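Presented below is the structure to which this report refers.
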Amino acid sequence: MTSSDIRDKFLKFFEERGHKIVPSSSLIPTDPSVLLTTAGMQQFKPYFVGKADPLKDFGSKNTASIQKCFRTSDIDEVGDESHLTFFEMLGNFSFGYKSGEPSSLRDGYFKKEAIAYAHEFITKELGLKIDYVSVFKGDSEVPKDEESEKIWRSLGVKEIKYAGREDNFWGPTGAEGPCGPTTEIYINNVEIWNIVFNEYYMYPDKHLEPLKQKGVDTGMGLERLVMVAQNKKNIFDTDLFESLINQIYLGDIRMKRIVADHIRAGVHLIADGVEPSNKGREYILRRLLRRTIFHLADFLKTDVQLHDGVTPPELNKRVNDALDRVIDTAVSLSPYLRTLDTSYVKIIISKEVGKSVDILKSIYELRRAIEQCLQNDKEVFPSDLAFKFSSSYGTPLDFIKDEVRKVGLKFNEKRFNEEFKKHQEISRAGMEKKFGGHGLVLNTGELKAGSEEELNKVLRLHTATHLLQRALREVLGPEIKQAGSDITPERTRFDFSFPRKMTPEEIKKVEDLVNEKIKEDLPVSFKEMPKSDAEKTGALYFFKEKYPDKVKVYYVGKSLESAWSKEFCGGPHVKNTGEIGHFKISKEESVGAGLRRVRGVLE
């Protein structure tokens with residue numbers, strides 16, 4: 001049974017039982033409290049708490065999906081037989097169940113139906129044997145789940161184990177949200193399916209309150225399910241990974257697995273609009289790519305000589321060639337990447353390779369420092385030295401830890417983090433002094449400028465981005481919504497919701513409209529006001545952003561009331577649109593289901 005067969009069986013099984021099949025959402029979540037989508041239920045959070053109507057949106061209180069997920073909590077475990085950063089989550093969901101037997105599926109369902117569905121799919125559809133299940137043992141806040149135990153026994157499952165909060169209580173995703181006790185299915189001692197009964201809402205202070213309406217949230221990792229269905233010893237021997245692993249020419253199987261996971265994960269992040277940087281989800285991507293590059297470069301450096309301590313172009317070429325093969329294979333194996341422009345992905349990753357020109361030097365110096373520690377009978381690798389390699393050479397912390405622990409030395413991560421925090425404070429103070437503390441918005445990652453010259457370019461592109469969003473809405477319709485933006489001195493990048501590719505005529509109309517407003521030399525101003533008043537002005541705002549009670553509304557035009565463009569924004573901007581220069585859309589592309597990306601430059 002192939003992984004594609006299992007995907008199809010799962011969706012067909014639940015569709016036949018009244019579930020609406022919902023496509024995977026992006027890895028960039030709409031929930032501002034989390035960096036990445038970590039579970040299938042994240043896109044459904046509003047339905048679990050009654051803020052959205054599933055009957056109106058889906059025609060059913062029950063849905064099923066195969067969700068792209070990304071978790072960094074297991075990143076240090078990647079390389080063993082079962083841990084990944086990117087994975088697919090099969091899930092079925094039910095919203096709005098009220099106590100009592102449902103008269104129909106339109107009423108939603110709870111424990112009895114959820115457990116029965118899971119048992120039937122595993123044992124009958126897939127023909128697998130359940131070894132045992134676990135249920136919540138209860139604590140001072142949440143009672144023991146005796147009901148789930150009775151349901152399992154009625155289905156013939158005899159081996160039932162009880163566990164506490166750490167294993168059998170799930171949620172919430174982010175700082176707060178729905179959560180509840182779980183029951184889990186194990187096959188070959190591997191946890192396959194986690195069935196969550198959302199009965200509570202957890203607040204940021206961790207206290208629980210019962211939900212007015214209960215819900216079911218299940219998650220089953222495709223990779224682990226395929227492993228047991230194909231009777232493999234680990235996930236990397238399945239058809240999801242086998243051909244990918246074969247493209248990676250490294251001697252160490254653990255390194256092969258790390259590269260396979262990290263490139264697979266990195267390509268999906270890039271496809272959903274993430275580019276490597278030093279903050280947030282962009283830093284996660286950079287961390288994955290740098291770790292991969294270091295391992296490949298270390299392996300591929302054979303017979304490549306150092307010239308004055310600098311990695312020669314030959315090594316970069318070898319690394320890029322190796323990565324190209326892995327990227328092509330990763331894309332071919334994913335149902336989400338069929339329309340992906342791989343050349344774009346390769347350019348982004350190639351830039352990271354190019355930035356790592358001191359790889360060999362740093363590896364050589366790091367290993368020499370480690371050898372010196374051993375000769376001096378030290379037990380712990382110095383944190384200040386680790387920070388020097390990380391900050392001066394750009395050596396990934398993961399690589400440093402791998403090398404240090406390989407020879408039996410200890411690594412004090414707490415001390416390293418203290419060094420890192422101290423460095424951040426010094427850098428922040430220097431940046432504030434340099435830019436006069438005028439709110440460059442560097443904390444959001446949207447604007448990036450490292451000099452006065454760069455700042456001037458960024459301000460022009462920032463204001464052009466406001467004009468771009470207004471022009472897109474005018475040409476394509478007011479239903480488009482911002483899904484992310486990123487501005488550097490070279491270009492602006494704007495992501496938005498739209499179901500299809502823009503036509504050349506539409507692109508030209510948007511360009512012409514932006515340049516028309518630039519030629520009009522309109523004033524750019526702002527007003528600060530309470531958020532509730534700002535919303536009444538009709539100003540646009542980014543639905544993913546969590547705004548303070550008082551906000552700035554930047555507007556392009558003579559007054560806020562008559563402005564052609566107005567948005568919630570922290571600034572800064574040019575004073576008049578005439579300062580921007582000529583605007584051109586350099587690229588328009590897909591970055592995920594229902595998401596488009598426009599890149600713009602100034603000429």
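Might you let me know whether the range 136-147 holds any residue that is assigned to a strand (DSSP E or B), in contact with a strand residue (DSSP E or B) (Cβ under 7 Å, 6 or more places away or on another chain), over 29 Å from Ser33 (Cα atoms) and not acidic (Asp, Glu)? Within the range 136-147, not a single residue is assigned to a strand (DSSP E or B), in contact with a strand residue (DSSP E or B) (Cβ under 7 Å, 6 or more places away or on another chain), over 29 Å from Ser33 (Cα atoms) and not acidic (Asp, Glu).
Residues in the range 160-190 that are of a type in the set (D, E, K, R) and modelled with pLDDT under 95: Arg165, Glu166, Asp167, Glu176. Within the range 315-343, which residues are at pLDDT 90 or above and among the polar types (S, T, N, Q)? Of everything in the range 315-343, those that are at pLDDT 90 or above and among the polar types (S, T, N, Q) turn out to be Thr329, Ser332, Ser334.
Considering every residue within the range 62-75, establish whether at least one is more than 23 Å from the chain's Cα centre (by Cα), farther than 30 Å from Phe399 by Cβ and either crowded, with 18+ Cβ neighbours inside 10 Å or hydroxyl-bearing (Ser, Thr, Tyr) (or both). Yes, some residue in the range 62-75 is more than 23 Å from the chain's Cα centre (by Cα), farther than 30 Å from Phe399 by Cβ and either crowded, with 18+ Cβ neighbours inside 10 Å or hydroxyl-bearing (Ser, Thr, Tyr) (or both). Among the residues of the range 156-188, those identified as assigned to a loop (DSSP other than H, G, I, E, B) and surrounded by 15 or more Cβ atoms within 10 Å (Cβ to Cβ) are Val157, Gly171, Pro172, Thr173, Gly174, Glu176.
Kindly check whether there is at least one residue in the range 556-566 that is within 30 Å of Ser25 (Cα to Cα), modelled with pLDDT of 90 or more and in a strand (DSSP E or B). I'd like the intermediate steps shown before the answer.
Going residue by residue through the range 556-566, those that are within 30 Å of Ser25 (Cα to Cα) are 565-566.
From what's left, modelled with pLDDT of 90 or more: 565-566.
From what is left, the residues that are in a strand (DSSP E or B) are 565-566.
Yes: one or more hits.
Filtering the range 367-418 to residues that are of a type in the set (A, V, I, L, M) and exposed (fewer than 15 other Cβ atoms within 10 Å of the Cβ) leaves Leu374, Val380, Val407. When each of Pro29, Pro23 is tested for being exposed (fewer than 14 other Cβ atoms within 10 Å of the Cβ), touching a Ser or Thr at 6+ places or on another chain (Cβ under 9 Å) and not aromatic (Phe, Trp, Tyr), the lone residue that passes is Pro23. Filtering the range 189-214 to residues that are among the hydroxyl-bearing types (Ser, Thr, Tyr) and either surrounded by 18 or more Cβ atoms within 10 Å (Cβ to Cβ) or outside the structural domain of Val142 (by TED's automatic domain parsing) (or both) leaves Tyr200, Tyr201. Yes or no: the range 126-143 includes at least one residue that is within 30 Å of Lys9 (Cα to Cα) and in contact (Cβ under 8 Å) with a residue 60 or more places away in the chain. Checking the range 126-143: at least one residue is within 30 Å of Lys9 (Cα to Cα) and in contact (Cβ under 8 Å) with a residue 60 or more places away in the chain.
I'm checking my understanding of the structure. Among residues of the range 536-550 that are at pLDDT 85 or above and surrounded by 15 or more Cβ atoms within 10 Å (Cβ to Cβ), which one is farthest from Lys508 (Cα to Cα)? That would be Thr537.
Just so you know, in the range 241-284 the residues that are small (Gly, Ala, Ser), surrounded by fewer than 16 Cβ atoms within 10 Å (Cβ to Cβ) and more than 22 Å from Phe496 (Cα to Cα) include one that is modelled with the lowest pLDDT, and it is Gly251. Of the residues making up the range 551-572, those that are touching a residue at least 60 places away in the same chain (Cβ under 8 Å) and either surrounded by fewer than 22 Cβ atoms within 10 Å (Cβ to Cβ) or among the acidic types (Asp, Glu) (or both) are Trp564, Glu567, Gly570, Gly571, Pro572. Do you know which of the residues in the range 97-116 that are in contact with a Lys or Arg (Cβ under 7 Å, 6 or more places away or on another chain) and either buried (at least 20 other Cβ atoms within 10 Å of the Cβ) or not assigned by TED's automatic domain parsing to the domain that holds Thr183 (or both) is modelled with the lowest pLDDT? That would be Tyr97.
How do the helices (runs of 4 or more DSSP H) wholly within the range 344-414 filter down when requiring 1 or more residues that are within 16 Å of Thr292 (Cα to Cα), in contact with a helix residue (DSSP H, G or I) (Cβ under 9 Å, 6 or more places away or on another chain) and at pLDDT 85 or above: which remain?
Numbers: elements: 359-375, 383-388, 397-406.
Per the criteria, 397-406.
A residue that is under 26 Å from Ala116 (Cα atoms), under 11 Å from the mean Cα position of the chain (by Cα) and touching a residue at least 40 places away in the same chain (Cβ under 8 Å) occurs somewhere in the range 27-43.
Scanning the range 481-526 for residues being crowded, with 20+ Cβ neighbours inside 10 Å and β-branched (Val, Ile, Thr) gives a total of 6. Would you confirm whether any residue within the range 353-374 is closer than 19 Å to Ala271 by Cα and within 21 Å of the chain's Cα centre (by Cα)? No, because not a single residue in the range 353-374 is closer than 19 Å to Ala271 by Cα and within 21 Å of the chain's Cα centre (by Cα). Checking the stated criteria, Glu125 turns out not to satisfy the condition of being assigned by TED's automatic domain parsing to the domain that holds Thr37 and either hydroxyl-bearing (Ser, Thr, Tyr) or over 20 Å from Asn62 (Cβ atoms) (or both). Looking across the range 567-596 at every residue that is under 22 Å from Ala534 (Cβ atoms), within 35 Å of the chain's Cα centre (by Cα) and part of a loop (DSSP other than H, G, I, E, B), the one that is modelled with the lowest pLDDT is identified as Gly571. Are any residues in the range 54-92 within 15 Å of Gly18 (Cβ to Cβ) and either of a type in the set (D, E, K, R) or modelled with pLDDT under 85 (or both), and if so, which ones? Within the range 54-92, just Lys61 meets the criteria.
The values are calculated or read from the model by the stated rules, or taken from the named source; none is laboratory data. These numbers were taken from a predicted model, which means no experiment stands behind them. Cβ atoms come from the backbone with ideal geometry, glycine included; neighbour counts cover every protein chain shown.
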